[in-house]
1. Would you mind checking which residues have amide H under 5 Å from B:Gly42's amide H? H placed 1.01 Å from N; only 5 or more apart, or other chain.
2. Among A:Thr209, A:Ala191, A:Val300, which residue has its Cα positioned farthest towards the positive end of the charge dipole of chain A, with +1 placed on the Cβ of Lys and Arg, -1 on the Cβ of Asp and Glu, and the dipole taken about the Cα centre?
3. Between B:Ile275 and A:Leu297, what is the spin-label point distance in nm, taking each point 7 Å from the Cα along the Cα→C-beta axis?
4. Report, to the nearest 10°, how far helix A:62-74 tilts away from the longest principal axis of the Cα atoms in chain A, using its own Cα long axis and a range of 0 to 90°.
5. Below 8 Å, C-alpha to C-alpha, sequence gap of six or more: please give me the relative contact order for chain B in percent.
6. Output wanted: per-residue J couplings in Hz (rounded whole) for segment A:21-28, from phi through Karplus 6.51 cos²θ - 1.76 cosθ + 1.60, θ = phi - 60°, x for Gly and Pro.
7. Bin all alpha-carbon pair distances of segment B:223-349 at 10 Å intervals from 0 and give each bin's fraction as a whole percent.
8. Given a Förster distance of 30 Å, report the FRET efficiency between A:Asp205 and B:Asp284 from their Cβ-Cβ distance, rounded to the nearest 0.05.
Amino acid sequence: MGRFVIRRLLQMIPVFLGTTFLIFFMVHMLPGDPVRAMWGDKAVDPAQLASIRHNLGLDKPWYEQYLTYMGHLFQGDFGTTMGNRKVLDVITEALPVTVRLALLAFVFEIVLGVTIGLFAGLRRGKSFDKGTLILTLLLISIPVPVLGFIFQTVFATQLRWVTPTVQDSMNIGQLVLPALVLGSLSLAYVARLTRTSIVENIRADYIRTAVAKGLPRRKVIGTHLLRNSMIPVVTFLGTDLGALMGGAIVTEGIFNVKGVGNALYHAINLNEGATISGFVVVLVLVYLAASLIVDLLYAVLDPRIRYA
Amino acid sequence: MTTVTEKADSGERLAPGTPLLEVRDLHVEFVTRDGIAKAVNGVNYSVAAGETLAVLGESGSGKSVTAQTIMGILDMPPGRVTSGEILFRGQDMLKMSNEERRKIRGRKIAMIFQDALSSLNPVLSVGYQLGEMFRVHQGASRKEAKAKAIELMDRVRIPAAAQRVNDYPHQFSGGMRQRIMIAMALALEPDLIIADEPTTALDVTVQAQVMDLLAELQAEYNMGLILITHDLGVVADVADKIAVMYAGRIVETAPVHELYASPAHPYTKGLLRSIPRLDQKGQDLYAIKGLPPNLLKVPAGCAFNPRCDIATDLCRTEIPALHQVADKDGAELAGRRSACHLWKETLHG
């Protein structure tokens with residue numbers, strides 16, 4: 001177990017280097033010149049541009065810039081924005097908001113998705129099951145912006161339960177609606193995955209054994225059925241946590257949540273290479289951590305999966 | 001160690017001669033997209049305490065469906081019991097509530113399944129799965145349950161039980177896994193054990209060990225045993241009586257040795273002839289011609305008639321009753337019945 005964790009941590013190093021390299025390279029290839037952009041339409045003295053480029057190290061070849069960036073990164077220095085703000089400050093401001101939003105969406109996904117999937121699976125072919133299949137298909141097919149606007153119209157404009165956009169991004173209560181929108185797609189997938197898994201496992205021989213042992217129905221389902229059925233769901237949830245963190249751009253835009261997506265969107269618009277790279281680095285770390293947790297959870301759920 | 005005499009809540013003593021379990025005229029069918037499959041068509045059999053009944057038949061003969069119906073683990077729907085009674089200690093289990101039946105399952109009647117690997121939960125330790133019996137039915141604590149699980153594993157002779165109690169099913173060999181299934185069935189010292197092809201998935205050498213263990217424990221606890229199998233070799237040593245099933249009906253019943261010596265039904269005869277024997281090396285194996293019937297359209301008359309060498313017009317039109325079998329002098333043979341119009345010819349011919 002310990003060796004497995006260490007090996008997985010070591011495997012993260014090349015993945016981490018690879019992704020940061022890719023993103024740095026891609027940001028470098030972006031069209032447009034961030035230094036020139038500082039002046040907008042105004043005319044600038046080329047000598048002044050050159051001196052700023054030199055001061056920022058932008059006149060060096062890109063691989064040298066990458067090495068410098070990585071060197072600073074390992075010392076905890078994410079660089080500065082063009083407006084001379086520390087990128088780390090931008091991240092620490094936006095990240096807690098997105099973490100809350102993503103975790104809230106994640107909880108919706110697990111609680112609602114698994115519950116709905118479980119009951120649909122147990123009532124296979126009945127109206128609840130059919131309703132679930134239709135509803136989840138609907139959720140999967142509706143684009144997130146459309147769903148966002150529907151929710152805004154219904155819950156904010158018509159029912160007036162909430163304000164259409166988020167006023168205070170750190171307020172959990174205000175994040176509920178965006179989290180529902182953010183989690184809706186994955187919720188549909190989790191419900192369907194759980195349902196399929198339940199339907200498959202309920203016919204398994206060991207479930208028949210559990211019934212033959214005289215266990216009450218809730219024990220048959222809770223102890224024997226649900227645990228076996230959670231394995232594919234956990235795989236999805238693990239990769240989804242990372243996707244929720246990075247995928248909140250649209251949702252955060254609709255609801256004006258000042259999180260990672262919002263900050264990333266602005267950074268891309270302004271061609272802020274350091275900010276983009278900084279956020280991607282953090283998201284990669286989150287993703288790697290989530291997949292490690294999933295792999296460890298596997299072993300807890302299914303002892304047949306050896307850490308070999 | 002608990003013994004038979006200390007056995008808790010085993011209920012009132014049965015009057016001598018009363019069967020522990022009696023299946024009466026049981027009919028079970030399955031509703032499928034293509035029609036109604038009649039899986040069990042009027043099965044009667046009974047088992048007394050300490051007695052072993054072997055139920056013999058090919059796949060689809062209804063032997064497992066009957067067992068699952070007794071156990072109350074038949075999938076309903078698509079399955080449904082259309083008529084009949086299953087009397088356990090004189091009470092019809094088909095009339096009991098779900099909760100009453102659940103309390104009988106595992107505690108009074110236990111079942112051993114064919115494939116122990118798929119029948120044990122892959123993600124729970126064997127100790128947990130054994131201990132669950134005591135926790136659910138007797139309210140034992142986790143610790144007590146584990147101690148009892150180790151004791152059970154010892155009793156079915158799993159080496160180093162205390163070290164292996166936390167292992168998972170996939171870490172055991174096939175024979176050891178089946179021993180765990182047996183231990184699980186034995187846990188609460190039930191009155192009756194139904195073993196559905198308990199040795200089919202095992203190597204031949206292990207088969208004998210597991211069968212011997214089962215027979216020994218059955219004798220020790222004076223349990224009734226219903227042994228479902230398609231393997232005539234398994235049956236010979238352990239069974240007291242045999243019921244041969246074909247297309248959802250019992251076609252012959254007999255004390256075990258009499259059935260082997262002188263079958264009274266052409267199907268039984270065919271089964272016995274199809275056992276490979278060392279002294280027939282080099283000859284072709286005998287096989288009953290044709291295939292088991294499709295349960296959606298069972299042949300008219302005797303279901304076996306299309307495969308039978310001696311079938312007459314009567315066999316093709318009239319379903320034979322389960323006749324009492326008699327010897328050449330007309331004296332009835334105890335416990336022997338045959339559902340063949342031509343049982344006399346088959347037995348004496």
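1. B:Leu26, B:His27, B:Val28
2. Of the candidates, A:Thr209 comes out farthest on the positive side.
3. 5.5
4. 60
5. On the way: 641 pairs, mean separation 67.1, N = 349.
Relative contact order of chain B: 19 percent.
6. After applying 6.51 cos²θ - 1.76 cosθ + 1.60, I find 4, 4, 5, 5, 4, 5, 4, 4 Hz.
7. The distribution over segment B:223-349 is 12, 42, 35, 11, 0, given as percents.
8. About 0.25, to the nearest 0.05.
Where a number appears in this text, it was derived from the coordinates with a stated rule and is not lab data. As the structure is a computational prediction, the values presented were derived from the model and not from experiment. A quick note on method: Cβ atoms are made from the backbone with ideal geometry, for glycine too, and the neighbour counts reach across all protein chains shown.
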